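Please read the structure below before turning to the comments.
The values are calculated or read from the model by the stated rules, or taken from the named source; none is laboratory data. Bear in mind the structure is a predicted one, so any value in this text is a computation, not a measurement. Backbone-built Cβ (ideal geometry, glycine too); neighbour counts: all protein chains shown. Heads up: the accessible areas ignore ligands, DNA and RNA and are worked out on the full protein's heavy atoms, side chains in. Shrake-Rupley method; radii C 1.70, N 1.55, O 1.52, S 1.80 Å.
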Amino acid sequence: MLKKYYKKVPEQKIHKELKEKYANFFDTIIHIDWNKILFNRVSFITAATHKFNKCRYLEIGCDNNWCFSSIPLASKIGIDPDKGGNVKDTSDNFFKNNKNKFDVIFIDGLHVYEQCRKDVINSLKVLDKNGFIFLHDMTPRNWAEENVPRLKGTLWTGDIWKVAIELSKTKGIDFFVINADFGVGMLKKKEDNIVYYDEFEKLKDLKFKDFLNLNENINYISAEEGIKKIEEY
Ligand SMILES: C[S@@+](CC[C@H](N)C(=O)[O-])C[C@H]1O[C@@H](n2cnc3c(N)ncnc32)[C@H](O)[C@@H]1O
């Protein structure tokens with residue numbers, strides 16, 4: 001599905017010093033201009049919050065509150081150990097003590113596979129049946145956006161696409177990646193107890209070139225289809 005956006009790039013201008021080390025990562029990019037798709041994460045999250053009376057909303061990773069402050073709810077919880085939100089802590093610490101249940105959870109904390117999968121597993125336990133989880137930055141367009149650790153001066157999705165691979169195989173949920181705003185993962189919970197499909201050992205060392213092959217296992221939908229699905233649930 002993403003293959004139609006693949007573009008061969010013979011010369012990558014950025015990060016020349018890493019070019020030799022990552023030689024085989026360079027020749028293909030995914031050519032999507034996110035600015036041309038005007039729906040963003042706030043559109044999908046807001047549409048989902050409207051499905052619930054007094055929606056219980058949790059955001060993991062708030063930064064400067066661009067999303068958190070835009071969600072039209074008077075009462076909401078935002079976790080960030082650095083800045084933004086209203087709970088200054090890591091997601092791991094928050095989940096250790098949390099007794100609340102949620103209807104909509106937005107996971108946008110540390111964009112490293114191991115942490116993001118932990119955030120998803122913990123979130124699934126406190127998400128009500130019929131709740132939604134959204135995840136930001138599921139579609140890296142080039143090796144630099146995907147690289148862990150983050151490279152200076154680049155946009156960064158990290159390698160959380162690996163979570164999308166696992167969620168695509170997880171039973172008891174619907175899972176899509178919406179083609180907007182760096183790839184917005186949308187999970188709809190359909191059963192009470194979800195067993196996360198674990199492929200950690202297989203996925204942990206994979207890189208952007210592997211994403212180019214493996215993304216065919218992910219169900220991508222357009223922004224319009226995403227909104228329609230949320231409305232129809
Ligand atoms: C991409 S920003 C969030 C942007 C915000 N959600 C938005 O849509 O505008 C990522 C944030 O995650 C926070 N973060 C990093 N590690 C975290 C952790 N372990 N738990 C919660 N938040 C974390 C960072 O401090 C940073 O502010």
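Computed quantities for the displayed model
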| quantity | calculated |
| --- | --- |
| Count of region 83-107 residues which are open to solvent by 80 Å² or more (accessible area, probe 1.4 Å) and either within 8 Å of the ligand (Cβ to nearest atom) or not in a loop (DSSP other than H, G, I, E, B) (or both) | 3 |
| Residue within region 142-159 that is over 25 Å from E216 (Cα atoms), touching a Ser or Thr at 6+ places or on another chain (Cβ under 6 Å), in contact (Cβ under 8 Å) with a residue 40 or more places away in the chain and open to solvent by 20 Å² or more (accessible area, probe 1.4 Å) present | no |
| Test set (1) more than 25 Å from L38 (Cα to Cα); (2) of a type outside the set (D, E, K, R); (3) part of a strand (DSSP E or B) - F176 fails condition number | (1) |
| Tally of residues being near the ligand (Cβ under 6 Å from one of its atoms), without any contact (Cβ under 8 Å) to a residue 40 or more places away in the chain and closer than 15 Å to I107 by Cα across region 64-82 | 4 |
| Residues of region 8-52 that turn out to be in a loop (DSSP other than H, G, I, E, B), over 12 Å from N142 (Cα atoms) and at pLDDT 75 or above, as a count | 8 |
| From the options G158, G131, G172, residue that is of a type outside the set (K, R) and within 15 Å of the ligand (Cβ to nearest atom) | G158 |
| Single condition V120 does not satisfy, out of (1) within 22 Å of S43 (Cβ to Cβ); (2) in contact (Cβ under 8 Å) with a residue 60 or more places away in the chain; (3) within 12 Å of the ligand (Cβ to nearest atom) | (3) |
| Residue, farthest from L38 (Cα to Cα), within region 180-194, restricted to residues that are open to solvent by less than 10 Å² (accessible area, probe 1.4 Å) and in a loop (DSSP other than H, G, I, E, B) | G183 |
| Verdict on G158 being of a type in the set (G, A, S), within 13 Å of the chain's Cα centre (by Cα), modelled with pLDDT of 95 or more and not in a helix (DSSP H, G or I) | yes |
